[in-house]
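*Asks:* Questions regarding the structure given below will be posed in turn.
The values are calculated or read from the model by the stated rules, or taken from the named source; none is laboratory data. These figures come from a predicted structure and were not determined experimentally. Backbone-built Cβ (ideal geometry, glycine too); neighbour counts: all protein chains shown. Just so you know, the surface numbers come from the protein's heavy atoms only, side chains and all, with ligands and any DNA or RNA stripped out. Shrake-Rupley method; radii C 1.70, N 1.55, O 1.52, S 1.80 Å.
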Amino acid sequence: MIEAIFPAPGPTGLHARTAGLLMKAASAFKARIDVSANGRTADAKSVMGLLALGAEAGTPLTIRADGPEAEQAVKAIGAFLTGKPIK
Amino acid sequence: MKLKGIGVSPGIAHGRIYRPGESGEPRPETYVPGTPSEEQARLSAASAELAARLNKAADTRRRQGETETADILEVHALMAADPELLQSAEREIAAGHDAPAAVLAAAEEQAARLESLKDDYLRERAADVRDIGRSLVRTLTGGEETLPEGPLLITGQEISPELLGELPAGRLAGVLLGGGSATVHAAILAKARGIPAVAGLGAALDQLKEGMTALMDGNAGTVNTAPTAADIAAAETAVIAARREAEKQREWAGVSAITRDGVKIRLFANASVAAEVKAAMDAGAEGIGLLRSEFLFFGRDTLPDEEEQYRAYRAAVEAAGGKPCAIRTLDVGGDKPLKALPLPREENPFLGQRAIRVSLARPGLFRTQLRAILRAGAAGPVSILLPMVTDASEVVAAREHIAACCHDLQRAGISFAENVPLGVMVETPAAALLASSLGKHCDFFSLGTNDLTQYALAADRSNPAMAGLGDYLHPAVLRLIGFTVQGGGEAGIPVSVCGEMAADPLAAPLLLALGVSDLSLAPAAFPRVKRAVCRITMPEARALLESAMNMPTAAAVRDFLQSKLPE
């Protein structure tokens, strides 16, 4: 299992759009991917689960991936959360 | 029976009450549950079917330029196929429930989780999740609804965007909501589509039964289920008058405001929301000269966050379809109190903490708005307009905030527009008299003639007893406008006029002669201003101005213009 922690992106954290984009990034991989924040865990492929984390900008998000391409999945999500412009 | 709510989208409609869901809600007596594995299969099929239908509806809306509706429908499609929702429903099925009961319980569980969060935006999404649950049940039970005859007034405590999106075009005449305010999705969508809507009807809504006829008024916020013949006739007259007005608009939409000797003045529109922007473009506006941002802040307990502001501004910018959009920063004060931003009571609110002064005193509030505007600039040309400036220090301070916002956005990797033009609303005599120096610090002037008039003439425009005194045709106001145009000319920046004066056909020749290049006004006034400009020449306009400037009173100017420019 691969694990990494990234801050929820600004300006509003995991809101509909960001959550949708994160979900799409996660869905590109076969691995089982979980995101934890605020003591809750969600399936990264579920918009509803991601929204219900209530993660504001800067909240630490723990990403855990298990299965095929787990490492690439965590890397891709990390790139999305930290560096890549949110179009 | 007469009900009273809040008018959230203007217009009048007469039709039959249609209560979606009531004829299509789950009917346990007609639903025959299968084995748990059959129920699982039905649920998967219903989820896929609903998601596909929502995506298709989103595509249709997107092709018709209704980006806002399309975005909402797409998020709903994601929710309809959401793995957490489906897993939770599967657990219910495994526990012995049928698919419709399972999906309602699962949606309720997810909605409750969202409702437990601090964030207002996320709490409101709980209603979306419940909608999805009900839509899935309708898909499962094959709840084909039979619609009442004729024009429909869609009625419910909440109405989901997909229901509005799925109703056959031309059938939907009005929207009646029990809950909510102008900011609920259904109200925004109704407004965007030009359909009258009333919200906030509360529990009284339940007296409106499927199939009843009713007359609704989206301006007054009323519903009347027993309209008299006279009520209906009055409503029909209003509808016909609105249609005539619209026809006149269309006739003039393609005409430019050009004098007989070929000088053009560009007509921009004043607007508050994306739906108005769209209507203005249809009426032939060259852009939005004044987008009032206050509407986002009124009538609510909390301030809109950056994301909400960004979405609203972006929707307006997109509705302008590539034409420029000048967004005015928050213009509030003691005279326009905000529940979400309590300002101290003042003896003289018009001379107190207002407009740019409020923004500069609250950098957090100001920067949130600036960032939202800068981000919206990535979707099309925007400019920022600062209200009630008195000297260059305020413009310099605002520029520093803008630069800081650009820096932050850049670092966060969020796309935004660089070098957004910064305009000053000239609405204090100080700004008008200092126009030549002020012009070096900004990119354009916009004359706010309503405030300029009240400040120049010391006549409170909210005091009815002063109504006769606050006339923008006063020679003192004309001279202040003259100073502003001259100062703008020296600084090499354009000068536009917004405010009631821009919509007055009597004032148009004077503004042309003063050298104003653009007007910004309500699109309803486009035809009369175009007509006034098209029938005059510049030498005639200059002669009128010269006489007017040298008259002693506003009344003298008005009488003179009326005699020279008969209707």
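*Asks:* Criterion first (of a type in the set (D, E, K, R), crowded, with 17+ Cβ neighbours inside 10 Å and without any contact (Cβ under 8 Å) to a residue 60 or more places away in the chain) does B:Lys323 satisfy it?
*Replies:* Answer is yes for this residue.
*Asks:* Just one of B:Thr35, B:Thr67 is in contact (Cβ under 8 Å) with a residue 60 or more places away in the chain, among the β-branched types (Val, Ile, Thr) and open to solvent by 30 Å² or more (accessible area, probe 1.4 Å); which is it?
*Replies:* After ruling out the rest, the residue left standing is B:Thr67.
*Asks:* Residues to consider are B:Glu307, B:Glu400; find the one that is of a type in the set (D, E, K, R), closer than 23 Å to A:Gly10 by Cα and in contact with a His (Cβ under 7 Å, 6 or more places away or on another chain).
*Replies:* B:Glu307
*Asks:* Oh, and also: Pick from segment B:418-427 the residues that are at pLDDT 95 or above and open to solvent by 10 Å² or more (accessible area, probe 1.4 Å): which of them is nearest to A:Thr82 (Cα to Cα)?
*Replies:* Step by step, filter segment B:418-427, then rank; the result is B:Val420.
*Asks:* Applying the selection to segment A:14-32, what residues are open to solvent by less than 40 Å² (accessible area, probe 1.4 Å) and away from chain B (no Cβ under 11 Å)?
*Replies:* Hits for segment A:14-32 are A:Leu22, A:Ala25, A:Phe29, A:Ala31.
*Asks:* Shifting gears a bit: Test B:Val103 against the criterion of being open to solvent by less than 10 Å² (accessible area, probe 1.4 Å) and farther than 17 Å from B:Ala45 by Cα, and give yes or no. First the steps, then the outcome.
*Replies:* Values: open to solvent by less than 10 Å² (accessible area, probe 1.4 Å): yes; farther than 17 Å from B:Ala45 by Cα: no.
For B:Val103, the condition - open to solvent by less than 10 Å² (accessible area, probe 1.4 Å) and farther than 17 Å from B:Ala45 by Cα - is not met.
*Asks:* If a residue has to be open to solvent by 70 Å² or more (accessible area, probe 1.4 Å) and either over 16 Å from B:Lys530 (Cβ atoms) or more than 24 Å from the chain's Cα centre (by Cα) (or both) to count, how many in segment B:234-253 make the cut?
*Replies:* Residues meeting the conditions: 6.
*Asks:* Against the definition (within 27 Å of A:Thr41 (Cα to Cα), open to solvent by 60 Å² or more (accessible area, probe 1.4 Å) and at the interface with chain A (Cβ under 10 Å from one of its Cβ atoms)), how does B:Arg113 come out, yes or no?
*Replies:* Details: within 27 Å of A:Thr41 (Cα to Cα): yes; open to solvent by 60 Å² or more (accessible area, probe 1.4 Å): yes; at the interface with chain A (Cβ under 10 Å from one of its Cβ atoms): yes.
Yes: the conditions hold for B:Arg113.
*Asks:* I'd like the residue in segment B:116-140 that is assigned to a helix (DSSP H, G or I) and among the hydroxyl-bearing types (Ser, Thr, Tyr) and, out of all such residues, is farthest from the other protein chains (Cβ to nearest Cβ).
*Replies:* Looking at residues that are assigned to a helix (DSSP H, G or I) and among the hydroxyl-bearing types (Ser, Thr, Tyr), I get B:Thr139.
*Asks:* Which numbered condition trips up B:Arg345, out of (1) in a helix (DSSP H, G or I); (2) open to solvent by 10 Å² or more (accessible area, probe 1.4 Å)?
*Replies:* (1)
*Asks:* Give the number of residues within segment A:33-59 that are more than 7 Å from every other protein chain (Cβ to nearest Cβ), within 21 Å of B:Ala112 (Cα to Cα) and of a type in the set (Ser, Thr, Tyr).
*Replies:* Final tally of qualifying residues: 2.
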